[in-house]
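K.L.:
Got a structure for you, written out below as structure tokens; questions coming shortly.
No value in this document is a laboratory result; all are computed from the given coordinates. Nothing here was measured: the structure is a model prediction, and the numbers come from that model. All Cβ positions, glycine included, derive from the backbone under ideal geometry; neighbour counts span all protein chains shown.
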Amino acid sequence: MTSIPESSEKLPIESLLALSTAAFLAILTETMPAAVLPLISADLHWTEAQVGLLVGAYAVGSAATAIPLIAATRALPR
């Protein structure tokens with residue numbers, strides 16, 4: 001039976017927590033408006049379709065800025 005050698009490197013817990021928190025918040029901001037769409041449309045006096053387009057525009061804006069933002073910050077030290 002072969003044994004797995006123990007690694008001397010520890011898991012970067014702080015970095016993993018920061019990454020998982022950022023991913024959770026990014027997913028939350030994209031999916032949460034879908035659950036409260038009727039409430040948002042009632043408050044704004046818009047149709048649900050109009051509010052859906054607003055949320056969609058936000059998602060497209062997030063996606064469109066992600067690549068340039070990554071390109072602009074890739075040279076920074078991690």
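K.L.:
Taking just the C-alpha trace of the chain, give me its Rg and Dmax in Å.
P.N.:
Rg and Dmax of the chain, Cα atoms, are 20.2, 69 Å.
K.L.:
For the chain, what does -39500 (n - 2.57) per DSSP helix run (n ≥ 4), summed and divided by total residues, give at 222 nm, in deg cm²/dmol to the nearest 500?
P.N.:
-25000 deg cm²/dmol
K.L.:
Sort 11-21, 46-56 by packing, meaning the average of other beta carbons within 10 Å per residue, with the highest value first. It would help to have the intermediate numbers written out before the result.
P.N.:
Values: 11-21: 9.6, 46-56: 13.6.
For the peptides 11-21, 46-56, the packing ranking is 46-56, 11-21.
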